[in-house]
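Read the structure below first, then the notes.
The values are calculated or read from the model by the stated rules, or taken from the named source; none is laboratory data. Keep in mind the model is a prediction, meaning the values are calculated, not measured. Cβ sites come from the backbone with ideal geometry, for glycine too, and all protein chains shown count toward neighbours. Calculation scope for accessible area: heavy atoms of the full protein, side chains included, ligands and nucleic acids excluded. Shrake-Rupley method; radii C 1.70, N 1.55, O 1.52, S 1.80 Å.
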Amino acid sequence: EVPLYDYLKQYYLLTGKWLMEMVDAAQLDARAKRKAAFFTRQYVDAISPSNFPATNPDALKLAMETGGASVLKGLENLLSDLDKGRISITDESAFEVGRNIAATPGAVIYENELIQLLQYSPVTDTVFERPLLIVPPFINKYYILDLQPGNSFVRFCLERGITVFLVSWRNMPPELGAATWDDYIEKAVFKAMAAACDVAGTDKLNMLGFCVGGTLLACALAVLAAKNIEQVESFTLLASLLDFTDTGEISVYVDQAYVQQRERDFEKGGVLNGRELAQAFASLRANELIWFYVVNNYLKGGTPEPFDLLYWNSDSANLPGRLYAYYARNMY
């Protein structure tokens, strides 16, 4: 309705289209073109007029209607997120681990320097003889499959008489930064398997691996197969990459120079901050996971909606540096 804003919108859309078409026409090899297209799209997304207070008419109108209260609240949200070191993408006050998220009853039945192993309390009169052991991703906390009662996979299994064990990864301190991929197989997967079998009184398990936990589990099972050890009756993988030939857009960050630098960084240990990976994954869908919240939280002073999955996604964990360097080198 306002010619100036309509002009800005059209100018932005045409400029973005021109930039993307220029990259598409560039004489580059496939890998270089993918990287150029990705970072050009990041730039185009970032310069949208809606991301700036002076060129977002919705934000300006709201500021006038609230007498500047939305601006003040937006600044408070910004300062709070600067203190946390990340953008809030859900109303974190709506969730509390152990109360309304990750609240299925259970207990720690084994632990070492890398993991705690949880066993969930049965809810049926009888249970199947063979339990289920879950290996979740080590870049986030354990409760991806135990969010709220209505969408908890753990609770779903318990209600069907399946005994569930689940690995909870330690949020790594600097002194354990030298832990390796082999350590995670030997001291985490194998130790968890042995403890689960011992408690359940069985010699075989069903196993489930999620995301990079599934990649780690597949490696562990390959080691067992090479040793002719039959300890697993079945295993299921969810969103787990085994063939890294094409790793999608995340590969724009991982090239030889990056991997070599990470190997130098973590040659003697140290930890990779979980926020670094979380930010990289968020950038793959920047408009949805970054700029939407910049506009909503900071320009409009809004509070993001409660969303259990995004709460879990924000609850990242630090990794041993040597483990991460090995993963980047030998997988990606």
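Tabulated results
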| quantity | calculated |
| --- | --- |
| Accessible area of region 96-149 belonging to carbon and sulfur atoms, whole % at 1.4 Å probe | 50 |
| Cut-off 15 Å, label 7 Å out along Cα→Cβ of Trp18, residues of region 28-44 by amide N | 44 |
| 1.4 Å probe accessible area per residue over region 14-168, in Å² | 54 |
| Within region 105-196: Cβ-based charge dipole about Cα centre, in debye rounded to nearest 20 (Lys, Arg +1; Asp, Glu -1) | 220 |
| Mean Cα-pair separation over length for the chain, i.e. relative contact order, pairs under 8 Å, 6 or more apart, % | 25 |
| Highest average packing first - 258-267, 290-299, Cβ atoms within 10 Å | 290-299, 258-267 |
| The chain: angle of helix 256-265 to the longest principal axis, Cα-based, in degrees nearest 10 | 70 |
| Of (i) 51, 44, 41; (ii) 74, 49, 35; (iii) 73, 49, 39, the label for Cα extents along the principal axes in Å derived from the coordinates | (ii) |
| Euclidean distance between Cα centres, region 7-52 to region 280-319, Å | 22 |
| Student exercise, the chain dipole from Lys, Arg, Asp, Glu Cβ charges, in Debye to nearest 20 | 480 |
| Long pairs among Lys84/Lys141; Lys227/Lys268; Lys187/Lys227; Lys141/Lys187; Lys17/Lys300, criterion Cα-Cα beyond 26 Å | Lys227/Lys268; Lys17/Lys300 |
| Cα-centre dipole for region 1-120 with unit charges at Cβ (Lys and Arg positive, Asp and Glu negative), debye to 20 | 460 |
| Charge dipole of region 119-232 about the Cα centre (unit charges at C-beta), most positive-ward option of Tyr184, Phe138, Thr124 | Phe138 |
| Relative contact order (percent, whole number), region 96-222, Cα cutoff 8 Å, 6+ residue spacing | 33 |
| Gained length - Leu8 relative to Ala239, 0.36 nm times residue gap less alpha-carbon distance | 79.1 nm |
| Å² of accessible area per residue within region 275-332, as computed with a 1.4 Å probe and no ligands counted | 46 |
| Cβ-based net charge around Gly16, under 12 Å, with every Lys or Arg adding one and every Asp or Glu removing one | +1 |
